[in-house]
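S.K.: Supplied in structure tokens, the structure appears directly below.
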Amino acid sequence: MADLRVNIGGLEMKNPVMTASGTFGYGLEYADFVNLEDIGGIIVKGTTLNPREGNDYPRMVETPSGMLNCVGLQNKGVDYFCKNIYPQIKDINTNMIVNVSGSCPEDYAECAARINELDNIPAIELNISCPNVRQGGMAFGVTTEGASQVVKAVREAYKKPLIVKLSPNVTSITDIALAVQDAGADAVSLINTLMGMVIDIEKRKPILSIATGGMSGPAVRPVAVRCVWQVAKAVNIPVVGLGGIMNAHDAIEFLLAGASAIEIGTANFIDPAITVKVAQGINEWLDNHGCKSVMEIVGQLNC
Ligand SMILES: Cc1cc2nc3c(=O)[nH]c(=O)nc-3n(C[C@H](O)[C@H](O)[C@H](O)COP(=O)(O)O)c2cc1C
């Protein structure tokens, strides 16, 4: 049995496999199907300062080897989370991580500050792909200035490990990664979804209610692996890789590209126990290749 433990910017994990935000609820929804404590970390739904209703339906559509969603961060707000969800998840013996979203830096910071008070939430993941209401809805994470501004605001308010989740919908993801590192991120995770669109040709209308949505699933994986490889070479903080991971083979691609941990999203909808199967598969692969620790293969690409 290889040593699967990793450390992501101060966050100790028993294995490198986490769930991706928005695809695993609060973990509780999956408790009948998988032993939650065997997962390295559970990143819960996107949480905002105030409640959000999300977008109108339809907000999901399948695509070749993937899906699009425009759920729009539906959630009941951070106070509801602290009062009603936290008591239910705080004793699950794994890293319960909150994905923090917002529409202006002050909202992000206030939301993070409230989560900072929760002893059993050891880290947050900051979703900087959210629209900036003061900049005509352009996502924070698509400019170095926007990304840096929101990370600086949160860094002041949040004292534990801060993972910043990057958008692939940019010209240079490396520049954004360096900007968030300078602004105080302890780690980066990538990628969030890629912007896409599907059209009903008979109705001559987009299928999703707001026309476009975020694409995920196996179709995005080569883009995600490329992003991880580029960012891991540029930054000196840990990288968490995700996008289209369906099995241990895919996860190992990300580890070799430079990720020290991975997240699994869309695949949870196909197999709710996929996270634990991937952790076991990584372990078997390491054993078969004579590796004593998962860290032995991180970034070890021959190229
Ligand atoms: C239905 C759905 C909801 C999502 N909600 C969030 C969210 O609230 N916050 C976030 O940072 N990412 C969210 N994501 C993006 C995923 O966490 C992940 O970055 C993306 O799906 C790529 O990984 P995958 O191909 O393994 O699904 C969502 C994805 C899906 C499919």
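The values are calculated or read from the model by the stated rules, or taken from the named source; none is laboratory data. Computed from a predicted structure; not experimentally measured. We place every Cβ from the backbone using ideal geometry, glycine too, and count neighbours over all the protein chains shown.
S.K.: Here is a check on your reading of the model: is P87 under 30 Å from G137 (Cβ atoms), more than 19 Å from the chain's Cα centre (by Cα) and not small (G, A, S)?
M.R.: No.
S.K.: Provide a single number: the residues in region 11-40 that are within 13 Å of the ligand (Cβ to nearest atom) and closer than 19 Å to I282 by Cβ.
M.R.: Residues that pass the stated criteria total 5.
S.K.: Let me ask another. Looking only at residues in region 246-258 that are among the hydrophobic types (A, V, I, L, M, F, W, C) and within 13 Å of the ligand (Cβ to nearest atom), which one is surrounded by the most Cβ atoms within 10 Å (Cβ to Cβ)?
M.R.: Among them, the one singled out is F254.
S.K.: Tell me which of these M96 doesn't satisfy, since it passes every other one: (1) touching a strand residue (DSSP E or B) at 6+ places or on another chain (Cβ under 6 Å); (2) more than 23 Å from G136 (Cβ to Cβ); (3) of a type outside the set (S, T, N, Q); (4) assigned to a loop (DSSP other than H, G, I, E, B).
M.R.: Tallying (1) touching a strand residue (DSSP E or B) at 6+ places or on another chain (Cβ under 6 Å); (2) more than 23 Å from G136 (Cβ to Cβ); (3) of a type outside the set (S, T, N, Q); (4) assigned to a loop (DSSP other than H, G, I, E, B), M96 fails exactly one: (4).
S.K.: Shifting gears a bit: Would you mind stating whether A177 is assigned to a helix (DSSP H, G or I), closer than 27 Å to V71 by Cα, more than 12 Å from the ligand (Cβ to nearest atom) and out of contact with any His (no Cβ under 6 Å at 6 or more places or on another chain)?
M.R.: The answer is yes for A177.
S.K.: Let me ask something else about it. For the list (1) of a type outside the set (S, T, Y); (2) outside any helix (DSSP H, G or I); (3) away from the ligand (no atom under 16 Å from the Cβ), I need the number of the one condition that E125 fails.
M.R.: So the condition that E125 fails would be (3).
S.K.: From W229, W285, which residue is aromatic (F, W, Y), crowded, with 17+ Cβ neighbours inside 10 Å and more than 20 Å from the chain's Cα centre (by Cα)?
M.R.: The unique qualifying residue is W285.
S.K.: Go through the residues of region 201-222 one by one and say whether even a single one is of a type in the set (G, A, S), in contact (Cβ under 8 Å) with a residue 40 or more places away in the chain, under 22 Å from I297 (Cβ atoms) and buried (at least 18 other Cβ atoms within 10 Å of the Cβ).
M.R.: No, because not a single residue in region 201-222 is of a type in the set (G, A, S), in contact (Cβ under 8 Å) with a residue 40 or more places away in the chain, under 22 Å from I297 (Cβ atoms) and buried (at least 18 other Cβ atoms within 10 Å of the Cβ).
S.K.: Another question, then. So A185 fits all but one of (1) closer than 22 Å to L73 by Cα; (2) buried (at least 24 other Cβ atoms within 10 Å of the Cβ); what number is the exception?
M.R.: Failing condition for A185: (1).
S.K.: A further question follows. In region 104-141, how many are farther than 18 Å from T193 by Cβ and within 18 Å of the chain's Cα centre (by Cα)?
M.R.: Final tally of qualifying residues: 8.
S.K.: Just to be sure, is F254 in contact with a Gly (Cβ under 6 Å, 6 or more places away or on another chain), aromatic (F, W, Y) and under 28 Å from E29 (Cα atoms)?
M.R.: The answer is yes for F254.
S.K.: Is it true that G243 is within 11 Å of the ligand (Cβ to nearest atom), within 27 Å of Q300 (Cβ to Cβ) and in contact (Cβ under 8 Å) with a residue 12 or more places away in the chain?
M.R.: The answer is yes for G243.
S.K.: Follow-up question, since we're still on this one. Filter region 41-84 down to residues that are of a type in the set (S, T, N, Q) and within 14 Å of the ligand (Cβ to nearest atom) and give me whichever is nearest to T19 (Cα to Cα).
M.R.: For region 41-84, the residue satisfying everything is T47.
S.K.: Which one of the conditions (1) without any contact (Cβ under 8 Å) to a residue 24 or more places away in the chain; (2) buried (at least 18 other Cβ atoms within 10 Å of the Cβ) does T171 fail to meet, given that it meets all the rest?
M.R.: With (1) without any contact (Cβ under 8 Å) to a residue 24 or more places away in the chain; (2) buried (at least 18 other Cβ atoms within 10 Å of the Cβ) applied to T171, the lone miss is (2).
S.K.: What residue, of A224, A232, A153, is part of a helix (DSSP H, G or I), within 16 Å of the ligand (Cβ to nearest atom) and at pLDDT 95 or above?
M.R.: Going through A224, A232, A153 in turn, the sole match is A224.
S.K.: Would you point out which residue out of N15, N7 is of a type outside the set (K, R) and surrounded by fewer than 21 Cβ atoms within 10 Å (Cβ to Cβ)?
M.R.: Among N15, N7, only N7 is of a type outside the set (K, R) and surrounded by fewer than 21 Cβ atoms within 10 Å (Cβ to Cβ).
S.K.: Pairs please, first residue from region 92-113 and in contact (Cβ under 8 Å) with a residue 60 or more places away in the chain, second anywhere and part of a helix (DSSP H, G or I), Cβ atoms under 6 Å, 6+ apart in sequence or on different chains.
M.R.: Listed pairs, sorted by first residue: I92/L36; T94/E37; M96/I89; C111/V78.
S.K.: Being out of contact with any Gly (no Cβ under 9 Å at 6 or more places or on another chain), surrounded by fewer than 23 Cβ atoms within 10 Å (Cβ to Cβ), free of Cβ contacts under 8 Å to residues at least 12 places away in the same chain and not small (G, A, S): is that true of C303 here?
M.R.: In short, yes.
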